[in-house]
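A.B. asks: Just dropping this structure here.
Throughout, read-outs are computed from the coordinates displayed, never taken from laboratory work. Note that the coordinates shown come from a computational prediction; the quantities given were computed from them, not determined experimentally. In this analysis, Cβ positions are derived from the backbone assuming ideal geometry, glycine residues included, and neighbour counts consider all displayed protein chains.
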Amino acid sequence: MNIRILNEMDAQLYQELRLKALLINPEEFGSTYEREKEFKIELIEKRLKPTEDKFVLGAFDKNLLVSIVSFVRESNFKTVHKGNVFGMFVLPEKRGQGIGKAILLELIKVAKNVTGLEQINLTVVSENRAAKSLYKTIGFEVYGVERNALKFKEQYFDEELMVLYI
């Protein structure tokens, strides 16, 4: 398995996996398949252009992209010490093989090089026991719960707010 920062050249692979994620686990994401299937490849390329303050990691099994996760640092003067994890996904047939843990550990390793970064935040749907367990084993701690954080097909989902101090 190879984990690396994705770039503009990976836009098609990334978009295919992102759309799969939105179809397979629609309740886990703030966006929707219907919204993102309309995104032009140029927008995806722009999103994938890495900087010190934002990047997307991909895990590859041979040439197959099997996992993605995004990091974005806060830009406000008073919150620039924080970064956020978004869009974590592992293909269902690849889950339970340590890929999620490996890609998150790589994200933390890369994020530790971000000047002035002190903490990494994420949110996870409260019912997603596997993801919460993974985040806790890496060192993330729950610091709050947002009730009805997401609404999908008339069903509400709570999200747990988690933090890792680095």
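A.B. asks: Report the semi-axes of the equivalent ellipsoid for the range 1-135 in whole Å, largest first, where each axis is √(5λ) for an eigenvalue λ of the Cα gyration tensor. The partial results should precede the final answer.
C.D. replies: Values: eigenvalues 91, 66, 50 Å².
Whole-Å semi-axes of the equivalent ellipsoid: 21, 18, 16.
A.B. asks: Label R147 and N63 with points 7 Å out from Cα along Cα→Cβ: what is the distance between them in nm?
C.D. replies: So the two model labels end up 5.2 nm from each other.
A.B. asks: Another question, if that's okay. Starting at the first residue of the range 38-49, write each ³J(HN,Hα) from the Karplus equation 6.51 cos²θ - 1.76 cosθ + 1.60 with θ = phi - 60°, in whole Hz, x for Gly and Pro.
C.D. replies: These are the phi-based 3J(HN,Hα) values: 8, 5, 6, 4, 5, 5, 5, 4, 4, 5, 8, 5 Hz.
A.B. asks: Quick check on packing: order 47-54, 149-156 by the mean number of other C-beta atoms within 10 Å, highest mean leading.
C.D. replies: Going from most to least packed, we get 47-54, 149-156.
A.B. asks: Could you calculate the FRET efficiency of I24 with Y165 from 1/(1 + (r/R0)^6), where r is the beta carbon distance between them and R0 is 25 Å, rounded to 0.05? Could the numbers behind the result be given before it?
C.D. replies: Working: r = 32 Å, r/R0 = 1.26.
That pair, I24 with Y165, gives E of 0.20.
A.B. asks: Sticking with this one: With 10 angstrom as the radius, rank Y165, Y135 by how many other C-beta atoms surround their C-beta, starting from the fewest.
C.D. replies: Going from sparsest to densest Cβ surroundings: Y165, Y135.
A.B. asks: If you don't mind, there's one more thing I want to ask. Length gain on complete extension for the stretch Y156 to E16, per 0.36 nm per residue less the alpha carbon to alpha carbon distance?
C.D. replies: Additional length available on full extension: 47.7 nm.
A.B. asks: Which value, in nm² and rounded to one decimal, describes the direction-averaged projected area of the C-alpha convex hull of the range 20-99? Spell out each step's value before the answer.
C.D. replies: Numbers: hull surface 27.1 nm².
Spelled out: convex hull of the Cα atoms, projected over all directions, averaged, 6.8 nm².
A.B. asks: From the backbone phi of the range 20-25, what are the Karplus-calculated ³J(HN,Hα) couplings (6.51 cos²θ - 1.76 cosθ + 1.60, θ = phi - 60°) in whole Hz, Gly and Pro given as x?
C.D. replies: In residue order, the calculated couplings are 4, 4, 5, 7, 6, 10 Hz.
A.B. asks: Provide the per-residue ³J(HN,Hα) series for the range 159-166, in order, calculated from phi with Karplus coefficients 6.51, -1.76, 1.60 and θ = phi - 60°, each as a whole number of Hz, with x at glycine and proline positions.
C.D. replies: 10, 8, 9, 10, 9, 10, 8, 10
A.B. asks: Given springs between every Cα pair under 10 Å in a Gaussian network model of the chain, which of F55, F29, F77 has the largest fluctuation?
C.D. replies: With Cα springs under 10 Å in the chain, the top fluctuation among F55, F29, F77 is at F77.
A.B. asks: Let me ask something additional. If R0 is 25 Å, what FRET efficiency do you get for R35 and R4 from their C-beta distance, rounded to 0.05? All intermediate terms of the calculation are to be shown ahead of the outcome.
C.D. replies: Details: r = 27 Å, r/R0 = 1.09.
The formula returns an efficiency of 0.40 here.
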